[in-house]
Amino acid sequence: MSDGFATRAIHAGQQPDPATGSVITPIHATSTYAQDGVGQQRAGYEYSRTGNPTRTALAECLASLEGGRHGHAFASGMSATDAVLRAALRPGDHLVIPDDAYGGTFRLIDKVLSGWGVEYTPVPVSDVDAVRAAIRPNTKMLWIETPTNPLLNIADLSTLAQLSHDTGTRLAVDNTFASPHLQQPLEHGAGVVVHSTTKYLGGHSDVVGGAVVTSDDELAEQVGFLQNSAGAVPGPFDAWLTLRGLKTLAVRMERHSRNAERVVEALENHPKVSHVIYPGLEQHPAHQVAAKQMRHFGGMVSFLHADGPEAALEMCARTRLFTLAESLGGVESLIEHPGRMTHASTEGSLLQVPAELVRLSVGIEEADDLVEDLRTALG
Ligand SMILES: *Cc1c(COP(=O)(O)O)cnc(C)c1O
């Protein structure tokens, strides 16, 4: 029997250091490795762009948590995304992307890859028929996120995986918002998973990183080749910080989810809140799908301020514990106004978000304190 998730989060890819007994994987701050003879490496390492033991430990742990055969740790979520797209796509290929894709992902595809001849169609990925209708003869990839940002739409992983198998395309899932503790796309039939480990996996808002996990040997080899060729590697300290974060992922995600439920309950009963968006709510349009594929519903909550855009903006500046900031997934609670902050560039486009929308990344503080903070800020 294989170990459970929380056990693998602490032990996968890591053994006490054979040379010293150090329980924790060392930060191997070295660019190069002594060889015993020409071409005779001691442990398979020759140069740290190509490989570094701290990074290997992280990659193996990430692969184990997502249930994949191969993991690669990257310098950022965007460099991980870039590697998957460039490994899998060639000029003239087409991919389907979420119409509410992470802004950086959209920019990379729209401004960089399209210049190299890659075509794309944005669709609402919660609508399987819309995804199916967007598939063309040259479609090679379905790229999805679930839950999406900031409207927390849910895509049905197993249905889309079936669609990708039927159409000879590859399903790629950006699993950043859920983390592997809540949802494991490979288990549902996805071909590859990408993460911004900057968010829940690192979990402490102190390091930027990314990951690619797949059981597809060929894709893994291409991703590794691209990483070594282009060099988007995390340094050993970044890899170590992320490994340290992973050890508490299971307990943090339980608490993030429980605190989010408390916050949702308080917001639902507040007269200044007209609508709460959370996949755990029964009235969420894809609640059943979320309940089927997620262990809990996560720490991200969005809501509409009943008094409109100005009131939403003012409230974001009035919280005490929720820090006004972009990003998400850390132990501390954050609040932001997507229309003016993370999603300002979508103004006037199809992807525009409501101006009275507020997004919360609910941290792992005392739930009572978080609820009180929001109540006070709402007035
Ligand atoms: C933050 C984020 C990214 C980009 O990751 P970086 O680590 O900032 O490069 C990609 N996808 C999602 C869903 C994100 O939230």
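What follows draws every value from the coordinates through simple rules; no lab data is involved. Computed from a prediction, not measured in an experiment: that's the story for all the values here. Ideal geometry is used to build each Cβ from the backbone, glycine not excepted, and the neighbour counts take in all protein chains shown.
How long are the semi-axes of the equivalent ellipsoid of the stretch 250-378, defined as square roots of 5 times the Cα gyration tensor eigenvalues? Whole Å, largest first.
Working: eigenvalues 90, 64, 42 Å².
One finds semi-axes of 21, 18, 14 Å for the stretch 250-378.
What residues qualify as long-range amide H neighbours of residue 323, i.e. H under 5 Å apart, gap of 5 or more or another chain, H built at 1.01 Å from N?
Placed amide hydrogens put 333, 334, 335 under 5 Å from residue 323.
Among 72, 20, 34, whose Cα lies farthest out toward the positive end of the dipole of the stretch 1-128, if unit charges sit on the beta carbon of Lys, Arg (+1) and Asp, Glu (-1)?
34
Can you list the lysines whose alpha carbon sits under 30 Å from that of residue 111, skipping same-chain ones fewer than 8 residues off?
Excluding near neighbours in sequence, the set is 140, 199.
Once you compute Rg and the Kirkwood Rh from C-alpha atoms, what is the Rg to Rh ratio for the chain? Walk me through the intermediate numbers first.
Values: Rg = 21.0 Å, Rh = 21.4 Å.
Dividing the radius of gyration by the Kirkwood radius yields 0.98.
Given Cα pairs under 8 Å that are at least 6 residues apart, what percent is the relative contact order of the chain?
For the chain, the relative contact order is 17 percent.
Can you give me the convex hull volume of the Cα atoms of the stretch 133-262, divided per residue and expressed in Å³? Numbers along the way, then the final one.
On the way: hull volume 17.3 nm³, N = 130.
Convex hull volume per residue, Cα atoms: 133 Å³.
Output the Cα-based Rg and Dmax of the stretch 8-107 in Å, rounding Rg to one decimal and Dmax to a whole number.
So, for the stretch 8-107, Rg and Dmax equal 17.6, 54 Å respectively.
Could you tell me which of 159, 143, 367 has its Cα farthest along the dipole of the chain towards the positive end, charges placed at Cβ (Lys, Arg +1; Asp, Glu -1), taken about the Cα centre?
143
Relative to the first principal axis of the alpha-carbon coordinates of the chain, what is the inclination of helix 236-246, with its axis defined by its Cα atoms, in degrees from 0 to 90 and to the nearest 10?
Between the helix axis and the principal axis of the chain, the angle is about 50 degrees.
For the stretch 250-378, with only Lys/Arg (+1) and Asp/Glu (-1) charged at the beta-carbon, what is the dipole magnitude about the Cα centre, in debye rounded to 20?
Numbers: 12 positive and 19 negative charges, 76 e Å.
In debye, rounded to 20, the stretch 250-378 gives about 360.
Can you give the helix-only mean residue ellipticity at 222 nm for the chain, where every DSSP H stretch with n ≥ 4 adds -39500 (n - 2.57) and the sum goes over all residues, rounded to the nearest 500 deg cm²/dmol? Mind showing how you got there, number by number?
On the way: 13 runs with 132 residues, N = 379.
Here the helix-only value at 222 nm equals -10500 deg cm²/dmol.
Explain nothing, just compute: Karplus ³J(HN,Hα) = 6.51 cos²θ - 1.76 cosθ + 1.60, θ = phi - 60°, for every residue of the stretch 260-275 in order, whole Hz, x for Gly and Pro.
Each residue's phi maps through the Karplus curve to give 4, 4, 5, 5, 4, 4, 5, 5, 4, 9, 9, x, 8, 10, 8, 7 Hz.
FRET efficiency for residue 17 and residue 268, Cβ-Cβ distance as r, R0 = 56 Å, nearest 0.05? Intermediate results must be reported in sequence, preceding the final value.
Working: r = 50 Å, r/R0 = 0.89.
Calculated transfer efficiency: 0.65.
With charges set only on the Cβ (+1 for Lys and Arg, -1 for Asp and Glu), what does the dipole of the chain come to about its Cα centre, in debye to the nearest 20? Mind showing how you got there, number by number?
Values: 28 positive and 44 negative charges, 132 e Å.
Taking the Cα centre of the chain as origin, the dipole is about 640 debye.
Can you give me the long-range amide H partners of residue 170? Hydrogens built in the peptide plane at 1.01 Å from N, cutoff under 5 Å, separation of 5 or more residues or another chain.
Distant-sequence amide H within range of residue 170: 141, 142.
Of 266, 290, 357, which is farthest on the positive side of the dipole of the stretch 250-378, counting Cα position, with +1 on Lys and Arg Cβ, -1 on Asp and Glu Cβ, and the Cα centre as origin?
Farthest along the dipole direction, towards plus: 290.
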